[in-house]
1. Using Cα pairs under 8 angstrom and six or more residues apart, how large is the relative contact order of the stretch 135-273, in percent?
2. Only Lys, Arg, Asp and Glu count, each charged at its Cβ (+1, +1, -1, -1), so figure out the dipole size of the stretch 163-320 about its Cα centre, rounded to 20 debye.
3. Cα-based Rg of the stretch 211-320 per 2.2 N^0.38 Å, rounded to two decimals?
4. Bin all alpha-carbon pair distances of the stretch 246-294 at 10 Å intervals from 0 and give each bin's fraction as a whole percent.
5. Using the Cα gyration tensor of the stretch 74-231, with a ≥ b ≥ c the square roots of its eigenvalues, what is the shape: rounded (a/c below 1.5), prolate (a/b larger than b/c) or oblate (neither)?
6. Could you compute the FRET efficiency for K194 and D123, with r as their C-beta to C-beta distance and R0 at 35 Å, rounded to 0.05?
7. Per the Cauchy relation, a quarter of the hull surface: what is the mean projected area of the convex hull of the alpha carbons in the stretch 79-131, in nm²?
8. Do you know the relative contact order of the stretch 201-320, to the nearest whole percent, from alpha carbon pairs under 8 angstrom that are 6+ apart?
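Derivation of every value follows stated rules applied to the coordinates shown; laboratory data play no part. Just so it is clear, the model here is predicted, and its values are computed rather than measured. For neighbour counting, all protein chains shown are included, and Cβ atoms are generated from backbone atoms with ideal geometry for every residue, glycine included.
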Amino acid sequence: MQEIGIMDVGGFQVGHAQDLEGATGCTVILCDRMSPAGLDVRGGGPASRESQILNPVAAAEGINAVLLSGGSAFGLDAAGGVQRYLEERGIGFDTGVAKVPLVSQSCLFDLGVGSKEVRPTADMAYQACENASRSAPALGNVGAGTGCSIGKYRGMDRAMKSGFGTFALQSGPVKVGALVAVNALGDVYSPDGKVVAGLLDKKKSGLSCTLDELFSDASPTGNLFTGNTTLGIIVTNAQFSKTPLTKIAGMAHNGYARAIRPVHTTADGDSIYALSVGSVPGDVNLVGALAAQAMEMAILRAVQTAKSAYGLIGLSDLSH
């Protein structure tokens, strides 16, 4: 097993667009061909569009694109821009009457970081499509990661800046990559089990620990909905249909669980897509295990590359 570049997986393009002043943005994955996909949602507050077509019993055998965006449920209009972009190029499911682009989308809550009136729009998502390429995508404060934050158990005053990250692995001919916008209630941990970023201490000069503070409260703390949801995409060159891809998406949540604590809370809308963008024979358990490890590392990279912004401290500026 070895680390590879995310775009070395092949079979797709990535594009970002963002409003840096408004602190929101979107990231699109454009598939080279209609690609089978699965989805596993574990968080209690998801905002999504065209998610039901990924159910293994639904008729659709593949999708054309996945859009991750900020804006909470307001951002769901942005997928129309991806549809317009694809329709103009004759890309979509052929109904016999028209080619209908199939675009799945999930949104994260970033309304409390910049301007609550600024959300990703169809025009912004169209721009992300125009920006899409096979070059390694930018990381940190870009795309869906623009308004991301973590460590929000005590509110935004003690939260930290997060962002967008990627990581990819190869085992033999099988390639698996993860792309993620990290916008979690909890803290981010390194593989050695140490807190890397998240809830700040009261002086905001170092880190506290969300789990420790949660456990010490030992009673209901009221509304934790301060704006969360981590959104991830797994891409693999291994050939699978929707059912095993749904399992792979589920196994990739192990990466969430290793890197984010607590995770999958009622204040999060944690979701992971899994896309088959190639035709290499692959084992679902191998790909699922690689997906979890790639996702864990992509989450870590998202906080490592995030810069201080919007009054939130990035990891590089935190004194330990």
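1. Reported relative contact order: 25 percent.
2. Computed charge dipole of the stretch 163-320: roughly 320 debye.
3. 1.28
4. 25, 51, 19, 5
5. Values: a/c = 2.54, a/b = 1.74, b/c = 1.46.
In terms of gyration-tensor shape, prolate.
6. 0.25
7. Hull-based average projected area comes out at 4.4 nm².
8. Here the relative contact order equals 31 percent.
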